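These notes concern the structure reproduced below.
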Amino acid sequence: MKIAILSRNKKLYSTRRLVEACEQHGHEPVVIDVLRTYMNIASNNPEAHFKGEALPHFDAVIPRIGASVTFYGTAVLRQFEMMGSYPLNESVAISRSRDKLRSAQLLSRKGIGMPNTGFAHNPDDIADLIKMVGGAPLVIKLLEGTQGIGVVLAETKKAAESVLEAFMGLKVNIMVQEYIKEAGGADIRCLVVGDKVVAAMKRQALPGEFRSNLHRGGSASLVKITPAERATAIKAAKVMGLNVAGVDVLRSERGPLVMEVNSSPGLEGIETATGKDVASLIIQCIEKNAKPNRTRTRGQG
């Protein structure tokens with residue numbers, strides 16, 4: 001198969017591993033910078049161009065779209081979908097998972113465990129918002145933040161009020177979440193491919209830090225997950241409509257709680273921690289499912 005990998009940088013670990021896995025399985029990978037791709041949205045003849053030339057037909061597309069370019073990146077992916085390519089993760093599913101508020105609402109509707117979450121616009125509602133999620137300490141998140149950026153732990157009610165007032169004064173969208181103290185600054189990253197958790201690692205925050213993201217200096221180690229954690233991760237990915245997802249789960253006294261569902265999970269941390277060849281498992285998922293015009297949400301986005 002001819003497989004396009006939408007990535008800003010060929011040298012990134014995840015991109016390199018996907019290229020290697022494609023070649024090992026006898027496929028032809030082509031890395032395309034999503035921001036250098038442009039579109040001819042013509043009736044009955046949609047085209048995608050790159051550096052002055054029309055791109056050929058691809059059997060499948062692997063989107064590695066960063067959060068900062070979600071809008072343009074999903075537009076490009078949508079164009080490939082219209083051209084009949086099979087998307088590993090569909091544009092609609094990626095957009096859905098990148099919207100933290102919409103994700104939380106969808107997970108909530110399906111009864112998936114998650115921290116109590118509040119969302120408000122008016123500063124007059126701050127007191128009730130804090131009360132709604134169980135009071136301080138609590139976590140305040142920018143809806144557009146990634147990799148732990150724009151996430152604040154407010155340890156007292158006064159601190160929470162000050163941070164919320166500041167964010168609301170800047171006219172940014174934020175949500176407030178219950179702080180799960182018993183998680184101890186750790187979470188479980190479950191890598192879902194298809195309908196299976198193929199690898200899992202525990203991410204532990206640095207001492208004095210509550211964000212366990214590896215980009216924030218957190219450490220990763222192999223972990224054995226429970227059947228409940230496995231089922232929760234698989235269901236969360238399915239709710240988002242993602243074939244490949246990194247589902248971040250907190251261990252709490254009331255069972256596994258989904259913190260986030262990532263549509264472009266990095267491979268370096270989890271392959272290093274677990275020793276699993278996740279890239280090959282992703283290519284096998286494409287081999288199993290890739291067929292022309294097989295975008296489930298086609299025309300609904």
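Does LEU12 satisfy being over 25 Å from the mean Cα position of the chain (by Cα) and among the aliphatic types (A, V, I, L, M)? Here the answer is no, as LEU12 does not meet what is asked. With respect to the stated conditions, LEU153 fails to be in contact with a strand residue (DSSP E or B) (Cβ under 9 Å, 6 or more places away or on another chain) and over 29 Å from ALA273 (Cβ atoms). Please work out if GLY111 is more than 13 Å from GLU260 (Cβ to Cβ), assigned to a loop (DSSP other than H, G, I, E, B) and either among the charged types (D, E, K, R) or free of Cβ contacts under 8 Å to residues at least 12 places away in the same chain (or both). Yes, satisfied. When you scan the stretch 215-233, do you find a residue that is in a loop (DSSP other than H, G, I, E, B), at pLDDT below 80 and in the same structural domain as VAL278 (by TED's automatic domain parsing), even just one? Scanning the stretch 215-233 turns up at least one residue that is in a loop (DSSP other than H, G, I, E, B), at pLDDT below 80 and in the same structural domain as VAL278 (by TED's automatic domain parsing).
Residue-wise test of (1) touching a Ser or Thr at 6+ places or on another chain (Cβ under 8 Å); (2) of a type in the set (Gly, Ala, Ser).
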| position | (1), (2) |
| --- | --- |
| PRO46 | no, no |
| HIS49 | yes, no |
| LEU55 | yes, no |
| ARG64 | yes, no |
| TYR72 | no, no |
| ALA75 | yes, yes |
| ASP99 | no, no |
| ASP124 | no, no |
| ASP128 | no, no |
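Given (1) assigned to a strand (DSSP E or B); (2) surrounded by fewer than 20 Cβ atoms within 10 Å (Cβ to Cβ); (3) at pLDDT 95 or above, where does ALA245 come up short, assuming only one miss? The single condition ALA245 does not satisfy is (2). Considering only residues in the stretch 215-251 that are polar (S, T, N, Q) and in contact with a Gly (Cβ under 8 Å, 6 or more places away or on another chain), the one that is farthest from LEU106 (Cα to Cα) turns out to be ASN243.
One residue stands out in the stretch 55-72 among those that are at pLDDT below 95 and small (Gly, Ala, Ser): the one that is nearest to ASP33 (Cα to Cα), namely GLY66.
The values are calculated or read from the model by the stated rules, or taken from the named source; none is laboratory data. All figures in this text were calculated on a predicted structure; none of them were measured in a lab. Methodologically, a virtual Cβ is constructed for each residue, glycine included, from the backbone with ideal geometry; neighbour enumeration extends over all protein chains shown.
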